[in-house]
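**Student:** What follows is a single structure, and I will ask about it in a moment.
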């Protein structure tokens, strides 16, 4: 049903909207739609009545009464995900350690030292993987 719903969405919803939204599920006359931003969610909410009317013309959606929209940014797929994580600058962890030495707040000092150690480990792991 989900593939059918997605195909229906792509064919019945105007291009700008369907590129930034997708159907999540359909239950009890309500189509749950997710968007990649609040701007597109607002656009769908503003056009809800006309979208419902358009979708109701399809046999599988005849009982549709309303849309529920929520923002759910799409996760990165391998195709658009950055190929590598950025390597912290060589002197970044040392700089953080020096800053931590000058901090009087013990919690902040501890946090900065942990961050510096984490950055140093990440840098070492990244170099090893090359």
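The values are calculated or read from the model by the stated rules, or taken from the named source; none is laboratory data. Please read all numbers here as calculations on a predicted model, not as lab measurements. Because the Cβ atoms are built from the backbone with ideal geometry, glycine has one as well, and the counts that use them run over all protein chains shown.
**Student:** Considering only region 83-94, I want to know if a residue exists there that is at pLDDT 90 or above, in contact with a helix residue (DSSP H, G or I) (Cβ under 6 Å, 6 or more places away or on another chain) and not in a loop (DSSP other than H, G, I, E, B). Let's see the steps before the verdict.
**Tutor:** We begin by selecting, within region 83-94, every residue at pLDDT 90 or above; these are none.
No, the conditions are met nowhere in region 83-94.
**Student:** Considering (1) more than 20 Å from residue 21 (Cβ to Cβ); (2) part of a helix (DSSP H, G or I); (3) at pLDDT 90 or above, say which one residue 53 fails and leave the rest.
**Tutor:** (1)
**Student:** Also, quick follow-up: Could you please give the count of residues in region 40-62 that are loosely packed, with under 14 Cβ neighbours inside 10 Å and either within 23 Å of the chain's Cα centre (by Cα) or closer than 18 Å to residue 73 by Cβ (or both)?
**Tutor:** 2
**Student:** Identify the residue in region 7-39 that is in contact with a strand residue (DSSP E or B) (Cβ under 6 Å, 6 or more places away or on another chain) and either in a helix (DSSP H, G or I) or not assigned by TED's automatic domain parsing to the domain that holds residue 66 (or both) and, among all such residues, is surrounded by the fewest Cβ atoms within 10 Å (Cβ to Cβ).
**Tutor:** 38
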